[in-house]
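J.: First, the structure itself, so that you have it in front of you.
The values are calculated or read from the model by the stated rules, or taken from the named source; none is laboratory data. Note that the structure is predicted; figures quoted are calculated from it, not measured. Cβ placement follows ideal geometry from the backbone for every residue including glycine, while neighbour counts extend to all protein chains displayed. Side chains are part of the model used for accessible areas, which takes the heavy atoms of the whole protein and leaves out ligands, DNA and RNA. Shrake-Rupley method; radii C 1.70, N 1.55, O 1.52, S 1.80 Å.
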Amino acid sequence: DVAYLRSVLPSTTDDAFFDYLATLDASEVTVTAIPEGSVVFARVPFLQVKGPLLVVQLLETTLLCLVNYASLVATNAARFRLLAGPDVKLMEMGLRRAQGPDGALSASKYSYIGGFDCTSNILAGKLYGIPVRGTIAHSFVMSFRCLEEVEPRELPPRAGGDPVDLAALAVSWLQRVCDLLQTPPSKANQGELAAFVSYAVTFPCDFQGLLDTYCVRRSGLPNFCAVALALHQLGYQAIGVRLDSGDLARQSKEIRGVLRSCGAHFQVPWFGTIPIAVSNDISEQSLEEFRREGSEIDMIGIGTNLVTCPLQPSLGCVYKLVEVNGSPCLKLTEDEEKMTIPGLKTIYRLYDAAGHPFMDLMALEEEPSPSAGQELGIRVLGQLGETTKVIPSTVEPLHRTYFRDGQVCEPLPSLPEVRTHAQVSLNLLSPAHRRLHEPQPYPVAVTERLHQLFLELRQGS
C-alpha cells in the first residue's frame with residue numbers, strides 16, 4: 001500500500017510521511033455509536049470517532065461508504081414493512097436491478113434488517129444466513145411445448161406405493177377443474193401444464209405456480225389447480241402461486257375465489273388458503289393501493305424500488321470535525337442546517353409517559369445526565385431562539401462504546417438480533433411520528449450549555 005501511494009503522490013513528498021503511514025495503528029481510535037438497527041433522526045450524531053487526527057481523517061470515506069447505503073436501504077425496507085403491515089411476507093428480489101454485486105449483497109442484508117422476511121439472493125443467504133425464497137420463472141414455463149416433453153413423469157404417493165403418471169392424472173383433473181370454472185380445457189396452454197407437471201414431479205412438497213405466462217383465468221389458474229389437485233390425490237400439498245402482471249389486487253381476489261371454490265367443490269379444505277405472491281415493479285404506491293382496494297395477497301416480492309431507493313437515491317450522512325486537542329470547533333456556512341454542532345457530545349432519548357420517544361437531546365460529554373421526572377430547559381434545532389421546557393418520564397443514553405484500545409469492547413449483535421431491534425425501535429415511535437405521509441416532525445434539541453458553546457464559537461468566528 002505504501003509503495004502504491006509513493007507511485008501516485010507527488011515525487012516531492014517527504015519520505016518521512018511514508019515511514020509514518022507504515023506505523024499507523026487503529027488501536028489509538030475509540031468508536032462510540034448508537035446501536036445498529038436503532039431509529040436515528042436528522043442531525044443526531046450516530047457515530048463518534050476519537051483518535052489521532054490523521055487516522056480519523058483517513059477513516060472518513062470508508063465509514064461513510066459503509067453506513068450511507070446501508071442506512072438508506074434499511075430505511076427504505078422499513079417503509080415498505082410499515083405499509084405492508086406485520087402479516088404480509090416481504091421478499092427482497094432486487095439482485096438484477098442492484099448497483100453491482102456488492103450493492104446487491106448490501107441491499108439483501110440491510111433490507112432484511114429493515115423488516116423483509118427473505119431474499120432471492122442465494123449468496124446473501126449463504127454469507128449472512130438470511131432465509132432464501134424464490135419462484136419459478138416465465139422462461140421455465142415457456143421452455144415447454146407439450147406433455148410429451150415431461151421426463152420423468154411418474155411420482156410415488158407420499159405415503160408409499162407404486163408411482164403414478166402425474167401428467168395423466170393432471171389432465172384428468174384439468175377437465176374437472178375446467179368444468180367447475182366453465183372454461184374450455186382447450187384454452188389451457190399445454191406447454192404451461194407440462195412445465196407445472198415437471199416442476200411438481202421434481203418438487204412435490206414445494207410446488208408453486210407462476211400463473212400469468214399466458215392467461216391467468218383461462219390457462220395459468222386451471223393448470224395450477226389441476227396439478228395441485230393431482231398432487232393432493234397423492235398426498236402432497238402445493239405451497240403457493242405468483243402473479244407478475246396486471247391488476248394484482250383485483251386478480252388476487254379472483255384467484256382466491258377460484259381456490260376456495262375448488263377447495264369446497266373437491267373437498268380439499270386447505271386449497272382455499274394457498275398463499276398468493278405478487279411481484280411486478282412494486283412501489284410504496286402499490287402497497288397503498290393494495291390496502292385501499294383490499295386484496296388477498298400473502299407475499300410481495302420487491303426489487304427495483306427497494307434496492308435503488310428511487311424516492312431518495314442517496315443518504316447524506318456526513319463526518320465532521322467537532323473537537324481538536326480538547327478545543328471544540330465549529331463549521332459555519334450560509335445554510336444553518338449545514339452548521340456543525342461543536343464539542344464531544346452524549347445523546348439522550350427522552351420518553352413520554354406512554355413509552356414513546358418524543359425528543360432526542362444532545363449534551364456536552366462533561367454535562368451530568370438528565371434525570372427522569374426532572375424539568376429540562378432545552379433548545380430545539382430550528383427554534384434556537386427560544387427555550388423549551390420538557391419533563392421526560394424516561395431518559396435513555398443512546399451511545400455505546402464499541403471499539404477501544406484495538407479491541408471490540410461490546411459483543412456485536414447477530415443479524416437477526418439487529419433486525420429485531422430495528423422493528424422494536426420503529427414500534428416504539430408514536431403513530432404521529434411513524435406515519436409515512438405528513439409525519440409529525442420529531443424534535444432534536446441541545447442543552448443550554450451546548451447552545452451557549454455554539455453561540456460563543458459562532459461569535460468568535
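J.: Counting alpha carbon pairs within less than 8 Å and at least 6 residues apart, what relative contact order, in whole percent, applies to the chain?
T.: Reported relative contact order: 18 percent.
J.: Run down the aspartates and glutamates and flag those whose C-alpha is under 14 Å from the C-alpha of K109, throwing out any fewer than 8 positions away in its chain.
T.: Partners found: E36, E92, D117, E417.
J.: Here's a follow-up. Let me check against my output: what whole-number percent is the relative contact order of region 281-359, with C-alpha pairs under 8 Å and at least 6 apart?
T.: The value is 18 percent.
J.: Per residue, how many Å² of accessible area does region 127-193 show with a 1.4 Å probe?
T.: 58 Å²
J.: Now a separate question. Got a sec? Charge dipole of region 204-359, +1 on Cβ for Lys and Arg, -1 for Asp and Glu; which of V258, C329, Q237 is way out at the positive end?
T.: The one lying farthest along the dipole's positive direction is Q237.
J.: Now for a separate question. Expressed as a whole percentage, what fraction of the accessible surface of region 136-274 belongs to carbon and sulfur atoms when a 1.4 Å probe is rolled over the protein heavy atoms?
T.: 51 percent
J.: To test your reading of the geometry: what angle, between 0 and 90 degrees and rounded to tens, separates the Cα axis of helix 248-265 from the longest principal axis of the chain?
T.: Tilt relative to the chain: about 40 degrees.
J.: Moving on to the next point. Considering only C-alpha atoms, what is the centroid distance from region 153-180 to region 15-52, in Å?
T.: The distance from the Cα centre of region 153-180 to that of region 15-52 comes to 64 Å.
J.: Angle between the Cα long axis of helix 190-202 and the longest principal axis of the chain, 0 to 90 degrees, nearest 10?
T.: 70 degrees
J.: Working from Cα positions, state the angle (0 to 90°, nearest 10) between the long axis of helix 100-114 and the longest principal axis of the chain.
T.: That helix lies at roughly 90 degrees to the long axis.
J.: May I ask you to give the percent of accessible area on region 353-435 that is carbon plus sulfur, with a probe radius of 1.4 Å? Kindly include the intermediate steps, with their values, before the conclusion.
T.: On the way: 2380 of 4610 Å².
Here carbon and sulfur together make up 52 percent of the probe-accessible area.
J.: Which three semi-axes in whole Å describe the equivalent ellipsoid of the chain, each the square root of 5 times a Cα gyration tensor eigenvalue, listed largest first?
T.: Values: eigenvalues 636, 147, 64 Å².
In descending order, the three semi-axes are 56, 27, 18 Å.
J.: Let me ask another. Return the lysines within reach of K345: Cα separation strictly under 24 angstrom, same-chain partners fewer than 8 residues apart disregarded; answer none if there are no such residues.
T.: K50, K320, K331, K389
J.: Across the chain, where is the longest run that never hits GluC sites (Glu not before Pro) in a DSSP loop with at most 13 other C-beta atoms within 10 Å? It would help to have the intermediate numbers written out before the result.
T.: Working: sites that count: E334, E365, E366, E375, E386.
Counting only loop sites that pass the neighbour cut-off, the longest clear stretch is 1-333.
J.: Let me ask you something else. Could you pull out the trypsin sites (Lys or Arg not before Pro) across region 316-420 that fall in loop regions by DSSP (anything but H, G, I, E, B) with no more than 12 other Cβ atoms inside 10 Å?
T.: none
J.: Calculated from DSSP H runs of 4 or more alone, at -39500 (n - 2.57) each and per residue, what is the 222 nm mean residue ellipticity of the chain, nearest 500?
T.: Estimated from H runs of four or more residues: -11500 deg cm²/dmol.
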